[in-house]
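*Asks:* Input: one structure, supplied below.
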Amino acid sequence: MTIDDVMKYLEQATRDDMNRMIKGINARRAFLYHLESMKFRKGDKVEFNSSKGGELVKGTVLTINQKSISLLSEAGMNWRVSPGMLRMVKK
């Protein structure tokens, strides 16, 4: 099934069909967040590109939340970042 097939189906879907699809999408998204966050552990050195100015931010993982990872940057700022945006820093 392609995205185009899904889009054609959506044109004919009932409200109940769409609500069921939304629940499925949200469950899948939560599962993917969980998989991404499992790559990291407290104390890991990570980096990401800030959406504010695109600067490279490096820091240390403090906590791993359901949808985000809290970290302390080398500059001393606290950040809450989606695990999909983070990369491990090579030691």
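The values are calculated or read from the model by the stated rules, or taken from the named source; none is laboratory data. Just so it is clear, the model here is predicted, and its values are computed rather than measured. Positions of Cβ are generated from backbone atoms using ideal geometry, with glycine treated the same way; all protein chains shown enter the neighbour counts.
*Asks:* May I ask you to say which residue of Leu62, Leu56 is assigned by TED's automatic domain parsing to the domain that holds Ser82, within 21 Å of Met88 (Cβ to Cβ) and touching a Ser or Thr at 6+ places or on another chain (Cβ under 6 Å)? Explain how you work it out, then say what you get.
*Replies:* Values: Leu56 fails: touching a Ser or Thr at 6+ places or on another chain (Cβ under 6 Å).
So the residue among Leu62, Leu56 that is assigned by TED's automatic domain parsing to the domain that holds Ser82, within 21 Å of Met88 (Cβ to Cβ) and touching a Ser or Thr at 6+ places or on another chain (Cβ under 6 Å) is Leu62.
*Asks:* Separate question: Please give the number of the condition Asp16 fails out of (1) under 30 Å from Lys90 (Cβ atoms); (2) modelled with pLDDT of 95 or more; (3) of a type outside the set (Lys, Arg); (4) outside the structural domain of Leu71 (by TED's automatic domain parsing).
*Replies:* In the conditions (1) under 30 Å from Lys90 (Cβ atoms); (2) modelled with pLDDT of 95 or more; (3) of a type outside the set (Lys, Arg); (4) outside the structural domain of Leu71 (by TED's automatic domain parsing), Asp16 misses (1) alone.
*Asks:* Right, next: Which condition from (1) modelled with pLDDT of 95 or more; (2) closer than 24 Å to Asn78 by Cβ; (3) not in a loop (DSSP other than H, G, I, E, B) is the one that Glu36 breaks?
*Replies:* The one condition Glu36 does not meet is (1).
*Asks:* For segment 21-48, what are the residues that are in contact with a strand residue (DSSP E or B) (Cβ under 6 Å, 6 or more places away or on another chain) and polar (S, T, N, Q)?
*Replies:* Ser37
*Asks:* Continuing with the same structure: If I filter segment 66-83 down to residues being out of contact with any strand residue (DSSP E or B) (no Cβ under 7 Å at 6 or more places or on another chain) and surrounded by 12 or more Cβ atoms within 10 Å (Cβ to Cβ), which single residue comes out as farthest from Tyr33 (Cα to Cα)?
*Replies:* Keep residues of segment 66-83 that are out of contact with any strand residue (DSSP E or B) (no Cβ under 7 Å at 6 or more places or on another chain), which gives 66-67, 75-77, 82.
Checking the rest, the ones that are also surrounded by 12 or more Cβ atoms within 10 Å (Cβ to Cβ) come to 67, 82.
Working: Lys67: 6, Ser82: 8 Å.
Residue satisfying both the conditions and the ranking: Ser82.
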